[in-house]
Amino acid sequence: MKKIILLIFSILFASCSSEDTLMEDKKSNENEANRTLPPPIPGDLRGFYDVEFDSGFKANMLFEHGNYVSYGSATITDMLANPNMRTSYIQSGNVYEFTLIHGKDYINYRIVYDPNIAKFLGTYGKGTSYTNLGAFKGAKYFTQGTDINYLKGYWLGTYGIGSAPPTNDYVLLFEEDGKLSVAANATLYGFTVATGTYNVIGNSVIGTYTYLFGGTYSFKANLDYSSQFFMGTWGYGSSSSNGGNFQMFSWNFY
């Protein structure tokens, strides 16, 4: 009888311990998912870059936390649906290398970054080469002025659902010609991304975007051109206010 009681107690204890462990793991994962990334520091590569190839061809590049890079021509938004335009890079000092798949071709990129002026010089090549296709250069974009000059670039913040405070990671990438890339994540790298458009009207911005897997959302915000921060509301479909609040911080510095 004692053995049976001890066996039952052992099973119950093991079950409770397993459940506690699962809850702790879940809590840890939730904390990890909701954790915003550290801001850039002086000399950091992270940020949005205007890129020009020696042929005159122009493109945009975005370098993010986690050694992620996104590429697009003329904008990242134009190519966001193609996962081969987002990859990770390797670093050795101020030299960074990564490979993108353009159609059937593997194109290798190598850049040498100068943190003192926030610019890089690069070469690119096909096959195993990093140089046989030509050269290019890039300059980090910094928030400036008003309208598109103020909004252009990389903004990281958080959003909330309903009346909840904004705690979930949120990325807005404003590009030329009113093009917009969005991620409800800490980075634009991955598959939970959206493309859309935005428009600046006076001191306000409005936008609409649709996730690649479906689901359309809208937002609006008032802009303070003397600050690198703005707050707004978002909503489902064409509504820009029935979803919750969000706040964004410019990462277009250093």
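Multiply the residue gap between ILE206 and PHE53 by 0.36 nm, knock off their C-alpha separation, and tell me the result in nm, one decimal place.
Here the answer is 51.8 nm.
Can you report the principal axis dimensions of the stretch 147-250 using only the alpha carbons, biggest first, rounded to whole angstrom?
33, 29, 24
Using only helices, what value at 222 nm comes out for the chain when you add -39,500 (n - 2.57) per DSSP H run of length 4 or more and divide by the total residues, to the nearest 500 deg cm²/dmol?
Rounded to the nearest 500, it is -5500 deg cm²/dmol.
How long are the semi-axes of the equivalent ellipsoid of the chain, taking √(5λ) for every eigenvalue λ of the Cα gyration tensor, in whole Å from largest down?
One finds semi-axes of 39, 27, 17 Å for the chain.
Using +1 on the beta carbon of Lys and Arg, -1 on that of Asp and Glu, and nothing else charged, what's the dipole of the stretch 147-250 about the Cα centre, debye to 20?
160
With N set to the number of residues, divide the alpha-carbon radius of gyration of the stretch 47-140 by 2.2 N^0.38 Å and report two decimals.
Computed over Cα atoms of the stretch 47-140, the ratio equals 0.98.
Taking the mean number of other Cβ atoms within 10 Å as a proxy for protection, how do you rank 189-197, 39-47 from highest to lowest?
Highest to lowest by the protection proxy: 189-197, 39-47.
Explain nothing, just the number: dipole magnitude of the chain about its Cα centre with +1 on each Lys and Arg Cβ and -1 on each Asp and Glu Cβ, in debye rounded to the nearest 20.
Roughly 360 debye, rounded to the nearest 20.
When you count, for each residue, the other Cβ atoms within 10 Å and take the mean per peptide, how do 143-153, 95-105, 174-184, 212-222 rank with the highest first?
174-184, 143-153, 212-222, 95-105
None of the figures in this text is laboratory data; all of them are computed from the coordinates on show. All values reported here derive from a predicted model rather than from experimental measurement. With ideal geometry, Cβ positions are generated from the backbone for all residues, glycine too; neighbour counts draw on all protein chains shown.
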